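Take a look at the structure set out below.
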Amino acid sequence: MLNEYNVGVLGATGAVGQEMLNCLVERGFPFKTVKALASERSAGTKIDFDGGEIVVERVGPDSFKGLDLAIFSAGAKASAEYAPIAAKSGCPVIDNSSNWRMDPRVPLIIPEVNPGALKRHKGIIANPNCSTIQMLVALKPIYDAVGIKRIVVATYQSVSGSGYKGIEELADQSRNLLSGQDAVNSVYPHRVAFNCLPHIDVFLDNGYTKEEMKMANETVKIFDDQNVKVSATCVRVPVFFGHSEAIWIETGRPISPDAARELLNRAPGILVVDDPKANRYPLASESVSRDEVFVGRLRADPSCENGLAMWVVADNVRKGAATNAVEIAELMIRDPQLMKTDWTD
Ligand code: A2P
C-alpha cells in the first residue's frame, strides 16, 4: 500500500497519544505525514516519532485542513470542540474520548466485534471505553454462539487510564510512603498507592459511577441488543498498566467452559491463558505493550443457570485505546467510502 495518508493525532503528548504514534509506526500504517497536535501547553515541544522528531502544534480550527484522517485522545472537551470542525473540513475523526460515544450519529466500534457499523459514520467514529473494549472482545464469540442475557463485571483498572497524571500520582505516593513521607493526592479523591478505590469518574443518581454506566450503555450499543443487562463495579487499583476484569455471564443457551475456551482460542484478538494448575492465568504485567485481550480462569458459575465466569486482562493504553483506534483507521483506509465525511451539526 502506498504511504499516502496525512494523519493528525490530537493529544499526541499524552499517554494514549504517545501509544497511538507508536502503533501507527509499529503496525506499518501507510502515513505520508503525521501531525502532532496538543494544547498550547506543549506547542513547540519536540517528540520522538518513527526514528526522528516531530514538533507539536497547538490545535486550532485550521489544524485539520489537508489531513485525511485524525485520531483524538485529548479528553471530552477538546473532542466536543474539534471533532465536528475536523469532520466538516473533510477529515474523519476516530475519537477516544467519551464525548461522542452515545451520539446516535456516531458508530462505536471494536473491529473484532462490530466492524459493519462503521458504514454509517458521518465523520466521527468513537473508540469505546477501555474496560468495555476488552470485555466485549472476550465476550463476542460467546455472544454469537449462545447469546448473553446478563453480564456482571468487577474491574481492576490501572492508573494509566487517567493518563500521565495518574501514573505520576501512583509513583509519587508509593515513593513517599515507602520513605516514610506523606502521600498527597490530587488526581484521585483518596490515596491510590496500596489501596483500591471503588470510584472511577463521577457518581450518578442511580448509585453507579459514570464509568460503570459507560460499560453498560456501550455494551448495548455495540452488541446492538437492548436485552443484554450489565452491572459493573469499576475499581482503580495501584497498577501502572493493564486493566483486569472478573466477569460473570449468564448465557442464552448452555455452553461448557471447554466449549467456550475452544471458541475463544479461535477468535481474533484473543489469547487464552488458562492453565491454573501451572499458575498460568492472564496478568496485567504480562499484557503490557501487547495488542491481544487475554482470557483465563474460565469456569462454570454455579450461582445461576447457564453461568460462566472468567478473568480478562488487556493493556488499557494499547488495545483499550491506541490499538483499537489504529485498527479502526486500518479498516477505513481499505474502503474509500469510509474516508468520506458528511457531518452537520
Ligand atoms: P498537552 O500536552 O498540551 O497538555 P493525558 O491523557 O496523558 O493526560 O494527556 C492528555 C493529552 O490531551 C495531552 O496530549 C494534552 O496536551 C491533550 N489535551 C488536553 N486538553 C487539551 C485541549 N483543550 N486542547 C488540545 N489538547 C489537549
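Within the chain, what is the longest stretch that has no GluC sites (Glu not before Pro) placed in a DSSP loop and near at most 16 other beta-carbon atoms within 10 Å? Don't jump to the answer; show the numbers that get you there.
Numbers: sites that count: Glu4, Glu40, Glu305.
Of all site-free stretches, the longest is 41-304.
Using a ≥ b ≥ c from the Cα gyration tensor of the chain (square roots of the eigenvalues), is it rounded, prolate or oblate, where a/c under 1.5 gives rounded and otherwise the larger of a/b and b/c decides, a/b for prolate?
Working: a/c = 1.70, a/b = 1.24, b/c = 1.37.
It is oblate, given that a/c is not under 1.5 and a/b is not larger than b/c.
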For Ala12, the net charge from surrounding residues (Cβ-Cβ under 15 Å; K, R +1; D, E -1) works out to -3
accessible surface per residue for region 250-345, probe 1.4 Å, DNA/RNA/ligands not counted, whole Å² -> 48 Å²
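Could you tell me what percent of the DSSP beta bridges with both partners in the chain are antiparallel, to the nearest 5? Could the numbers behind the result be given before it?
Numbers: 28 of 58 bridges.
Counting only bridges with both partners in the chain, antiparallel ones make up about 50 percent.
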Mean projected area (nm²) from the convex hull of Cα positions in region 245-322 is 5.5 nm²
Of the listed links Lys119/Lys340; Lys229/Lys319; Lys119/Lys210; Lys119/Lys229; Lys122/Lys221, those spanning more than 19 angstrom between alpha carbons are Lys229/Lys319; Lys119/Lys210; Lys119/Lys229
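Starting from region 190-272, pick out the chymotrypsin sites (Phe, Trp or Tyr not before Pro) whose DSSP state is loop and whose Cβ has at most 12 other Cβ atoms within 10 Å. It would help to have the intermediate numbers written out before the result.
Details: sites: Phe194, Phe203, Tyr208, Phe223, Phe240, Phe241, Trp248; in loops: Phe194, Tyr208, Phe240, Phe241.
Of the chymotrypsin sites (Phe, Trp or Tyr not before Pro), the ones in loops of region 190-272 whose Cβ has at most 12 other Cβ atoms within 10 Å are Phe194.
What is the magnitude of the charge dipole of the chain about its Cα centre, with +1 placed on the Cβ of each Lys and Arg, -1 on the Cβ of each Asp and Glu, and no other charges, expressed in debye to the nearest 20? Before the final figure, lay out each step's value.
Working: 37 positive and 43 negative charges, 66 e Å.
The calculated dipole for the chain is roughly 320 debye.
What net charge do the residues around Trp311 carry, taking every other residue with its C-beta under 12 Å from that of Trp311, with Lys and Arg at +1 and Asp and Glu at -1?
On the way: positive: Arg280, Arg297, Arg299; negative: Glu245, Asp274.
Around Trp311, the charge tally is +1.
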The convex hull of the Cα atoms of region 131-316, divided by residue count, gives a volume in Å³ per residue of 131 Å³
Listed by chain and number, the aspartates and glutamates with an alpha carbon less than 16 angstrom from that of Lys77, same-chain partners under 8 positions apart left out, are Glu40, Asp95, Asp103, Asp201
GNM on the chain, Cα springs under 10 Å; top mean-square fluctuation among Ala74, Ala278, Ala138 goes to Ala278
Once the dipole of region 131-316 is set up from charges on Cβ (+1 Lys and Arg, -1 Asp and Glu), the residue from the list Ala267, Ala183, Leu308 lying farthest towards its positive end is Leu308
One quarter of the C-alpha convex hull surface, i.e. the mean projected area of region 1-68 in nm², amounts to 4.5 nm²
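From largest accessible area down, sort Asp205, Asp144, Asp172, Asp315; use a 1.4 Å probe on the protein chains.
On the way: Asp205 170, Asp144 95, Asp172 70, Asp315 5 Å².
Ranked from most to least accessible, the order is Asp205, Asp144, Asp172, Asp315.
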Rounded to the nearest Å, the spacing of the alpha-carbon centers of region 123-150 and region 240-270 is 11 Å
On the accessible surface of region 131-316, probed at 1.4 Å with all protein chains in place, carbon and sulfur together account for a percent value of 51 percent
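Please give the net charge around Thr155, taking every other residue with its beta carbon less than 10 angstrom from that of Thr155, where Lys and Arg add +1 and Asp and Glu add -1. Don't skip to the answer; put the middle values down first.
Details: positive: Arg236; negative: Glu211, Glu212, Glu245.
Around Thr155, the charge tally is -2.
The values are calculated or read from the model by the stated rules, or taken from the named source; none is laboratory data. Keep in mind that what you see is a predicted model, and the values were worked out from it rather than measured. Here Cβ is always computed from backbone atoms with ideal geometry, including for glycine, and neighbour counts include all displayed protein chains. We work out accessible area using only protein heavy atoms, side chains counted, and drop any ligands, DNA or RNA first. Shrake-Rupley method; radii C 1.70, N 1.55, O 1.52, S 1.80 Å.
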